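What follows is one structure encoded as structure tokens, with my remarks underneath.
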Amino acid sequence: MFLTQRSAVFQPVAEHVTDPAAYQMEYSDQFLTNRLGTRIHAWHLRYPGASRTVLFCHGNAGNVSHRMETLKLFRELGVSVLIFDYSGYGKSAGKPSEKATGADARAAWDYLMESGVAPDEVIIFGRSIGGGVAVSLAAELAREGVAPAGLVLESTFTSMVDVGKSHYPWLPVGLLSRYRYESATKVEVLEVPTLVIHSRDDEIVPWTLGRGLYDALPGDPSFLEIHGSHNSGYMDSRDVYLQGLSKFLQEIDADSH
């Protein structure tokens with residue numbers, strides 16, 4: 001278990017299966033260098049007139065080209081998107097790890113800042129393991145006195161150790177785990193509007209861990225319950241999902257005026 005963790009936690013695919021242009025979405029390829037010196041790949045989809053940009057941290061499998069349904073949903077919401085591949089995924093160099101994914105997300109954030117996007121225009125969005133990446137980035141920024149417009153945490157967990165314990169209760173997961181993503185501890189420093197999204201049907205990250213992360217958040221976070229499996233809940237609950245995200249965006253806009 002200890003030696004095979006990387007392949008269990010990170011399941012990258014190198015080959016792209018499509019791109020946004022196939023769905024009539026304009027985009028630009030971007031190659032960024034993270035603070036570890038690794039060259040990573042991203043797509044920047046600018047929506048005309050958008051006041052918000054979603055920095056999307058995807059899940060543990062595939063690559064950016066497997067997120068077309070998500071990109072189409074964001075297009076319906078009228079937001080720009082920066083979606084990036086972690087080290088070792090798609091066209092990104094290097095190998096994935098907790099440290100590497102954190103550096104990758106920070107490189108994506110830095111790229112947006114250098115592109116003229118203001119911090120209070122960015123919504124950091126993490127799905128599944130990407131929730132751990134998103135929380136780490138938001139906490140790092142908070143320690144620097146920087147706050148994004150909002151944070152969305154979908155189908156994610158209190159910690160990777162807690163996920164491991166839920167699947168392997170007979171193992172000393174806390175001792176064996178090389179990847180921890182301790183989100184419930186890291187969120188304590190956050191002062192940013194946050195939406196947690198989770199399904200009771202999630203077979204990978206139990207409902208209790210999504211609610212546990214919500215309970216750990218300071219302030220007055222929002223919660224959106226969806227239905228469906230871990231990998232398809234956002235599509236199974238499409239209307240509820242879009243309505244919940246739209247409401248969250250409207251609340252952020254109202255608070256900023």
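The values are calculated or read from the model by the stated rules, or taken from the named source; none is laboratory data. This is a predicted model, so every value here is computed, not measured. Glycine also receives a Cβ, built like all others from the backbone with ideal geometry; neighbour counts cover every protein chain displayed. For the accessible areas, the whole protein counts, side chains as well, though only heavy atoms, and no ligand, DNA or RNA atoms are used. Shrake-Rupley method; radii C 1.70, N 1.55, O 1.52, S 1.80 Å.
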Residue within the range 61-69 that is of a type outside the set (S, T, N, Q), in contact with a helix residue (DSSP H, G or I) (Cβ under 8 Å, 6 or more places away or on another chain) and within 22 Å of VAL152 (Cα to Cα) present: yes
So VAL135, is it in a loop (DSSP other than H, G, I, E, B) and among the β-branched types (Val, Ile, Thr): no
VAL133 hydrophobic (A, V, I, L, M, F, W, C), within 26 Å of MET113 (Cβ to Cβ), in contact with a Gly (Cβ under 7 Å, 6 or more places away or on another chain) and open to solvent by 10 Å² or more (accessible area, probe 1.4 Å): no
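Which of the residues that make up the range 73-94 are in contact with a strand residue (DSSP E or B) (Cβ under 9 Å, 6 or more places away or on another chain) and either of a type in the set (A, V, I, L, M, F, W, C) or open to solvent by 20 Å² or more (accessible area, probe 1.4 Å) (or both)?
Within the range 73-94, PHE74, ARG75, LEU77, VAL79, VAL81, LEU82, ILE83, PHE84, GLY88, LYS91, ALA93, GLY94 meet the criteria.
Name the residues in the range 158-190 that are in a helix (DSSP H, G or I) and at pLDDT 85 or above, would you? Break it down into steps so the answer makes sense when it comes.
Of the residues in the range 158-190, the ones in a helix (DSSP H, G or I) are 160-167, 173-176, 183-189.
Those that are in a helix (DSSP H, G or I) and at pLDDT 85 or above: MET160, VAL161, ASP162, VAL163, SER183, ALA184, THR185, LYS186, VAL187, GLU188, VAL189.
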Complete set of residues in the range 211-221 that are farther than 20 Å from ALA147 by Cα, of a type outside the set (Gly, Ala, Ser) and surrounded by 14 or more Cβ atoms within 10 Å (Cβ to Cβ): ARG211
Identity of the residue in the range 100-115, over 14 Å from ALA42 (Cα atoms) and under 15 Å from the mean Cα position of the chain (by Cα), that ends up least open to solvent (accessible area, probe 1.4 Å): ALA100
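Could you tell me how many of the residues in the range 227-257 are more than 26 Å from LYS186 (Cβ to Cβ), at pLDDT below 95 and not in a loop (DSSP other than H, G, I, E, B)?
Narrowing the range 227-257 to residues more than 26 Å from LYS186 (Cβ to Cβ): 227-229, 232, 235-240, 242-243, 246, 250, 253-254, 257.
Now narrow it down to the ones that are at pLDDT below 95: 253-254, 257.
Okay, now just the ones that are also not in a loop (DSSP other than H, G, I, E, B), so 253-254.
Residues in the range 227-257 being more than 26 Å from LYS186 (Cβ to Cβ), at pLDDT below 95 and not in a loop (DSSP other than H, G, I, E, B): 2 in total.
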Hits in the range 118-130 (condition: on the phi < 0 side of the Ramachandran plot and buried (at least 18 other Cβ atoms within 10 Å of the Cβ)): VAL122, ILE123, ILE124, PHE125, GLY126, ARG127, ILE129, GLY130
Odd one out for THR70, checked against (1) more than 25 Å from SER177 (Cα to Cα); (2) open to solvent by less than 10 Å² (accessible area, probe 1.4 Å); (3) touching a Leu at 6+ places or on another chain (Cβ under 9 Å): (3)
Given (1) open to solvent by less than 10 Å² (accessible area, probe 1.4 Å); (2) not in a helix (DSSP H, G or I), number of the condition LEU224 does not satisfy: (1)
Among residues of the range 108-127, those that are free of Cβ contacts under 8 Å to residues at least 40 places away in the same chain and in a helix (DSSP H, G or I), counted: 3
Residue selected from the range 228-257 under the condition among the acidic types (Asp, Glu) and touching a residue at least 40 places away in the same chain (Cβ under 8 Å), by the criterion most open to solvent (accessible area, probe 1.4 Å): ASP255
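Could you tell me which residue of the range 36-67 is farthest from ILE124 (Cα to Cα), considering only residues that are free of Cβ contacts under 8 Å to residues at least 40 places away in the same chain and either open to solvent by 40 Å² or more (accessible area, probe 1.4 Å) or of a type in the set (D, E, K, R) (or both)?
Checked the range 36-67; the qualifying residue farthest from ILE124 (Cα to Cα) is GLY37.
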